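First the structure, in the form of structure tokens, and then the observations on it.
The values are calculated or read from the model by the stated rules, or taken from the named source; none is laboratory data. Model, not experiment: these values are computed from the prediction. Quick reminder, even Gly has a Cβ in these numbers, built from the backbone with ideal geometry, and neighbours come from all protein chains shown. For accessibility, only protein heavy atoms count, side chains too; no ligands or nucleic acids. Shrake-Rupley method; radii C 1.70, N 1.55, O 1.52, S 1.80 Å.
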Amino acid sequence: MKEKQNISVGIDNVEAADKIAGLAKYTSDIVIEGMLYAKTVRSTIPRGTIREIKIPTLPKGYYTVDATDIPGDNIVGMLRDDWPVFAAHHVNHIGEPIMLIVREDKAIITEIVNKITITYDEAEPTFDFTDSCEQLSFQKGNTKKAFKEAKKIIDYTYETGYQEQTYIEPQGFIGYPENDGVTLIGSIQCPYYVKHAVMQTLGASEDLVRVIQATVGGAFGGKEEFPSLMACQLAVAIHKIARPIKMIYEREEDMEVTTKRHPAKITMSAAIDADNRVMAIKSHVGLDGGAYIGLSKVVLSRGMLASTNAYTIENVTARGDVYRTNTVPNGAFRGFGAPQMIFAIEMFMHHIAKDLNIDPLTFRKAHMVKQGDLTATSGVFRDPVIMNSMLEEVLKQSNYIEKVKQYQHPESNKGIGMSWFLHGFGFTGSGEKDKIKARVRLKKDEQDNVHILIAAVDMGQGPKTTMRKLVANLLDYPIEKVIFNNPDTRYVPDSGPTVASRTMMIVGGLLARATKKLQDQWVAHQEVVTEESYEQPSYVQWDNEAMHGDAYPAYSWGINVCEVEVDRQTYEVRVRNMWNIYDVGKAIDERIVLGQADGGQAQGIGYGYLEVMNHREGKIMQKNMTDYIIPTAADTPPMENTLMDNPYPLGPYGAKGVGELTLVGGAPAVALAIEQAIGKKVHTIPVTPERIMELIDNE
Amino acid sequence: MVENKIPTSYNEALKILATGSYQVLNGGTDLMVRYRGWSETRVKFKKNMLHIHNLDELNYITSKDEYIHIGATTTHETILHHPLIPEIMKKCLRVFASPAIRNMGTLVGNIGNASPAGDAVLIAYLLEARLVVESLRHQREVPIEDFIKGPGSIALAPDEIIKEIYFKKLNFNATYFTKVGGRQSDAISKVMFAAGYRLDADKIVDIRIAIGAVSPTIIKDKTIEKSIKGYTLKNLSNQKSMILSQYAAHINPIDDQRSNKHYRKKVALNLLEAFLNDIITRS
Amino acid sequence: MSEKISFELNGQSITITLSPDHRFLDVLRKHLNIVGPKEGCGEGECGACSVLMDGYIVQSCILPLGSVHGKKIMTIEGYRETKRFKALQDAFLTEGASQCGICTPGMIMATEYLLSHNPHPTDEEIRHGLAGNLCRCTGYNMIIKAIKRAAKEGEGLW
Ligand SMILES: Cc1cc2nc3c(=O)[nH]c(=O)nc-3n(C[C@H](O)[C@H](O)[C@H](O)COP(=O)(O)OP(=O)(O)OC[C@H]3O[C@@H](n4cnc5c(N)ncnc54)[C@H](O)[C@@H]3O)c2cc1C
Ligand code: FES
Ligand code: FES
């Protein structure tokens, strides 16, 4: 038998040749004969009741589409159903959609939109953390006792700001009527989220709503739940007008009204014993949910679950609230609550060590998770934890210890920072089993081509390549004969959303099983179909009410080291170098995993020092790419990335999750590096030059 | 409806402008952004537009006596790579926007836009540049500081066009340029600083200082500069805090979505101080 | 109001009668069915719409049609027929320099501009050469490696 190729060796991304040549079709590239355009009329105040809407006499053939046109529920089906498709009476944030204006001439549509006047009875908006509408908490050990017995108690508060996904392709859909129903093609992460939401809004049955993914120009969580809102609106419009309609957001519109990473305020308190060990941590996470809660509760839970990060702490009390504010709703973004918390806990561990006068690295090492330890929610770290060898490797590569000493000198203006982190993949606890219930299908046709039928979306992170590679490798079959088209809900079963770094581990795992089955049932030149559905590993025990047990079946791990230089006159930060090391089990394709690493880190450090977004009285201030600063090629440092081999027995070929892991440690790594360079404790990100100046000045 | 004209000669351009109802559209990198509408619709210009960008007659860099002349349609990228251009301008243009914007945008457009954060405007002040403004009625010359009246406001009659900008070659020991933007490239300035000096033994015989994005127009104060001329390095060292406070009195920045006034002021003064220290320690 | 505007597009002469205050990106995408250049921001910032005009990189989303009169335009549609493109495509594939791909056609045009003026750029020169082309997926390092690879393996092409 010929020797099988090592699965990790990178192959050319199967979609990239077309993308490079400009041949890939994104949503806005799609044109349908006779299509119309839709533009949204939005609220201009943060909170109030709509008193009157004055619409100019519409030219013939021009339509308005609003809440009164909705045949089903005026709700976007998400985790918490509180988000209206169109504001009917009340508005709760600036930019809230009230109606669409639809027709073919964009200039006339714009004119109509500009002429519409809406009068409101304004109400007092809320922008602070007072209106809690989701609460969560969990407990491990006996925190009370630990705090009573503590030799010392150390408290800090950490704050994080908005982050905008800033995919380069704005949100968009094109849809058309089909067989009494609607078909929607869009830039989406989760075809079935969209489908189910549209069914609810139209009050339509399964067979009347079809959702197809177009090539997606970046998503990062931003196209997880938000597209459901657009899709519902467009579906209502298509239902009313019975014509193909296209709705593509302008960049400013996208930045002002789409979901962002939740700003957070995190307080941490540690009980320290006589041996300078952390006996207990109490934490509280407050998230700004924006005007509608949507999936914020899950973001909160993800954040809280990371509250002890890669450290084993015996006693833990974690509490959290999502606050409703009259601002644009916040939502999914790569990392999903973890980046906020990992920033806080990494800074906190460092700050505790400093306050105790011990070397932070030694201090952290004393608390590092080992195999068999209990997680924050008293689950078990069952699989080998190789953080120690990762640490050794990255210390060597970066020359960290030596540099820490060198940069202690205040004149050096340099600093080096290190973050540790872990990330669980898949839905939390029994979410995969109870909520998602993923199904995958493989179909071998009569020409012996194998079709992968799953709802996973390739938005650049590479499943088109890795899934085909996985199936081809398992079958020992040419990859060209394995076909994976963009998901179309007419043909693919619901393998769940493309989120939570679950695609390779969960969906890939199911595909691997379906492939085995296919191999067993293989008959040449005959159609063979196999299916698999999710089964939870029997060891996973999770109590959702108490948030107790195994939140995830397994974890990926990482360390980032980041080196910066701070300009003493302008307080500008230059990130000079990064070294990063990851345990993702087994890389199904090294090139793709390394690509995720580079991109994730760039977003992670951007979050830490560069990307500023805020609102004034509910209005987003940085509403274009000139003012919302993401890293350019000149800002991003060279990066050295290392992948460890630590196969996870239940993952396909031993693979675990990747996508989010590479982002979550960036902010604390860069913030700690800046902290060293300026010799001041950092509690807030982004650490902008303006903030650095304040820190230096407030001696 | 707005009218658009593409003149085939400079003279034709002047004739169209003489109607008094046209605005000059040059590279468009300011105007196209400011007036953009929904994609696939016409740009929402408020006035009739005169598209001069392809007028080759105005695309030149020449040198006469001590002076360098740059025509109105000459792009930043052309200027950046031209041998006649002083290094201080190149320092600025190397970090100006991005290659694509430099290929479209013009120096004269940067001045016409009259933003206090216009990078090349700062250098034009430092170079004490003059503008040649023309119409069918007349030709006149204006020093840059008289031409720019405030943010977005210039001394230009409706029938006039900026034909060129010119300035005297510099003779400095060293020039300084710092742009502080939100990131390393492709950024709008939060603060910017440019300066140059010439020493004769340990005496300052010439000095120029320009500070941008910290007041409605670029700060360049000839009176202060004149007072510094003639100082020895020792004098300069003694007078440093006085000079700093003189400039501090001019610095009156704003808070906006890109930065805040405290930061802008502090950084401007830091850069000025670093510059003065550099001269002092140079000896 | 409308004017006759003539230019060369990917080697073909085009004459179009349209008001000169259209964004050239729209003229390409809507009127000429050239959809390789993408719209990411519409304000000159992201470079997804980059094309070459007389060999110089420009952002077509803020390029007035009036400025194109008499010019030679090259988009990815024309460029992909060249040997240079092939070298870039191979290098981008090998290095994994395209993920979601929305930035890539613009990135390729920016690379062509860079290499045609500087066939052996340093890392720093590449980083500043790409200053007007934002990518949110890759973190740029793989793009930089790809450009260096293309410069080396495509030796003599630029
Ligand atoms: C992405 C991006 C990045 C940018 N980065 C920077 C930056 O880093 N630094 C910076 O300073 N600017 C920056 N800008 C702004 C802009 O590029 C510059 O101001 C540029 O120099 C403008 O030149 P233009 O020819 O494109 O001007 P246009 O937009 O054509 O015109 C600007 C103004 O000048 C007037 N005008 C132009 N030519 C004449 C003339 N001959 N006679 C009379 N009036 C005239 C116009 O009527 C208009 O009012 C950026 C713009 C963009 C889109
Ligand atoms: S779309 Fe033209 S630069 Fe972004
Ligand atoms: S590959 Fe997605 S933006 Fe560059």
For this session: Using R₀ = 35 Å, calculate the FRET efficiency as 1/(1 + (r/R₀)^6) where r is the Cβ-Cβ separation of A:ARG616 and B:ALA157; round to 0.05.
Result: 0.40
Problem set entry | Residues of type lysines that B:LYS234 reaches as a straight line, Cα spacing below 20 Å, ignoring anything fewer than 8 places off in the same chain | B:LYS203, B:LYS226
Exercise. Just the Cα atoms of the stretch A:47-162: what Rg and Dmax do they give in Å?
Worked result: 23.4, 78
Exercise. How compact and how long is the stretch C:3-75, expressed as Rg and Dmax of its alpha-carbon atoms in Å?
Worked result: 10.9, 30
Problem set entry | ³J(HN,Hα), Karplus 6.51/-1.76/1.60, whole Hz, each residue of the stretch C:58-66, x for Gly, Pro | 9, 9, 5, 6, 10, 8, x, 3, x
Problem set entry | Shielding score for B:254-261, defined as the mean number of other chain Cβ atoms within 10 Å | 4
For this session: Work the Kirkwood hydrodynamic radius out for the stretch B:156-215: mean of 1/r over every pair of different alpha-carbon atoms, inverted, in Å.
Result: 14.5 Å
Problem set entry | C-alpha long axis of helix C:83-95 to longest principal axis of chain C, angle in ° | 50 degrees
Exercise. Just the C-alpha atoms of the stretch A:232-315: what Rg/Rh do they give, with Rh taken as the Kirkwood radius?
Worked result: 1.27
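In terms of the ratio Rg/(2.2 N^0.38 Å) built on C-alpha atoms, what value belongs to the stretch B:191-280?
1.09
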Seminar exercise, completed: In whole µm²/s, the translational diffusion coefficient that Stokes-Einstein assigns to chain A, given a Kirkwood hydrodynamic radius over C-alpha pairs, 37 °C and 0.692 mPa s, equals 126 µm²/s
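Give the relative contact order (percent, whole number) for chain A; include only Cα pairs under 8 Å separated by 6+ residues.
Taking the mean separation of contacting Cα pairs over the length of chain A, I get 16 percent.
Using a 10 Å cut-off on Cβ to Cβ distances, tally the other chain neighbours for every residue of A:304-315 and report the average as a whole number. If you can, show how the numbers build up before the last one.
On the way: counts 0, 0, 0, 0, 0, 0, 0, 0, 0, 0, 0, 0.
Other-chain Cβ atoms within 10 Å of each residue's Cβ, averaged: 0.
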Exercise. Counting only other chains, what is the mean number of Cβ atoms within 10 angstrom of the Cβ of each residue in peptide C:43-53?
Worked result: 6
Exercise. With every protein chain left in place, what is the accessible area of B:TYR166 in Å² (1.4 Å probe, nearest 10)?
Worked result: 30 Å²
Problem set entry | Reach of B:LYS46 by Cα under 17 Å, taken over aspartates and glutamates that are not fewer than 8 positions away in the same chain | A:GLU111, B:GLU3, B:ASP30, B:ASP159, C:ASP21
Seminar exercise, completed: Note on the protein assembly as shown, DSSP bridge orientation, antiparallel percent to nearest 5 equals 80 percent
Exercise. What do you get when you divide the Cα radius of gyration of chain B by 2.2 N^0.38 Å, with N the number of residues?
Worked result: 1.04
Problem set entry | Evaluated over chain C, the Cα radius of gyration and Dmax, each in Å | 15.4, 50
Seminar exercise, completed: Taking the reciprocal of mean 1/r across every pair of different Cα atoms in the stretch A:1-79, the Kirkwood radius in Å is 19.6 Å
Problem set entry | Eligible lysines near A:LYS516 by straight Cα distance, threshold 18 Å, same-chain separation 8 or greater | A:LYS4, A:LYS443, A:LYS444, A:LYS469, A:LYS481
Exercise. Going down the list A:LYS586/C:LYS148; A:LYS414/B:LYS179; B:LYS91/C:LYS30, which pairs span over 31 Å between their C-alpha atoms?
Worked result: B:LYS91/C:LYS30
Problem set entry | Long-range HN-HN contacts of A:ASP12 with modeled amide H, under 5 Å | none
Exercise. Roughly how many whole Å is it from the C-alpha centroid of the stretch A:421-477 to that of the stretch C:128-154?
Worked result: 30 Å
Seminar exercise, completed: For the stretch A:423-428, Karplus-derived ³J(HN,Hα) couplings (6.51, -1.76, 1.60; θ = phi - 60°; whole Hz; x for glycine and proline) come out as 8, x, 10, x, 6, 5
For this session: Would you tell me the accessible area of B:PHE172, worked out with a 1.4 angstrom probe on the heavy atoms of the protein chains, in Å² to the nearest 10?
Result: 40 Å²
Exercise. In whole angstrom, how far apart do the alpha carbon centroids of the stretch A:510-526 and the stretch A:531-601 sit?
Worked result: 32 Å
Problem set entry | Sequence of A:SER28, C:SER13 from largest to smallest accessible area, 1.4 Å probe | C:SER13, A:SER28
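Going from most exposed to least, what order do A:PHE129, C:PHE24 have by accessible area with a 1.4 Å probe?
Descending accessible area places them as A:PHE129, C:PHE24.
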Exercise. Using a 1.4 Å probe on protein heavy atoms, which residues of the stretch A:183-228 have at least 30 Å² less accessible area in the complex than alone?
Worked result: A:PHE220
Exercise. In nm, to one decimal, how far is the A:THR642 label point from the A:GLN519 one, both placed 7 Å along Cα→Cβ?
Worked result: 3.3 nm
Exercise. Per the 1.4 Å probe, what fraction of the accessible area of the protein assembly as shown, in percent, lies on carbon and sulfur atoms?
Worked result: 48 percent
Exercise. For labels at C:SER116 and B:HIS82 in the simple 7 Å Cα→Cβ model, what's the distance in nm?
Worked result: 2.2 nm
For this session: For the stretch A:160-173, just list the computed ³J(HN,Hα) in residue order, Karplus coefficients 6.51, -1.76 and 1.60, θ = phi - 60°, integers in Hz, with x standing in for Gly and Pro.
Result: 10, x, 5, 9, 9, 4, 6, 3, 6, 8, x, 5, x, 9
Seminar exercise, completed: Those trypsin sites (Lys or Arg not before Pro) from the stretch B:1-79 that are DSSP loop and have at most 15 other Cβ neighbours within 10 Å turn out to be B:LYS44, B:LYS46, B:LYS47
Seminar exercise, completed: Rounded to the nearest 10 Å², the accessible area of B:LYS240 using a 1.4 Å probe with every protein chain kept is 40 Å²
Exercise. Are there trypsin sites (Lys or Arg not before Pro) in the stretch B:86-191 that DSSP marks as loop and that have at most 15 other Cβ atoms within 10 Å, and which are they?
Worked result: B:ARG137, B:LYS169
Exercise. When the Cα centres of the stretch A:154-224 and the stretch B:240-271 are compared, how far apart do they sit, in Å?
Worked result: 46 Å
Problem set entry | Debye equation applied to the C-alpha atoms of the stretch C:82-153, log10 I(q)/I(0) at 0.12, 0.21, 0.22, 0.28 Å⁻¹ | -0.24, -0.80, -0.89, -1.59
For this session: Return the calculated 222 nm mean residue ellipticity for chain A, to the nearest 500 deg cm²/dmol, obtained by summing -39500 (n - 2.57) across DSSP H runs with n ≥ 4 and dividing by the residue count.
Result: -7500 deg cm²/dmol
Seminar exercise, completed: About its Cα centre, chain C carries a charge dipole, from +1 on Lys and Arg Cβ atoms and -1 on Asp and Glu Cβ atoms, whose size in debye to the nearest 20 is 260 debye
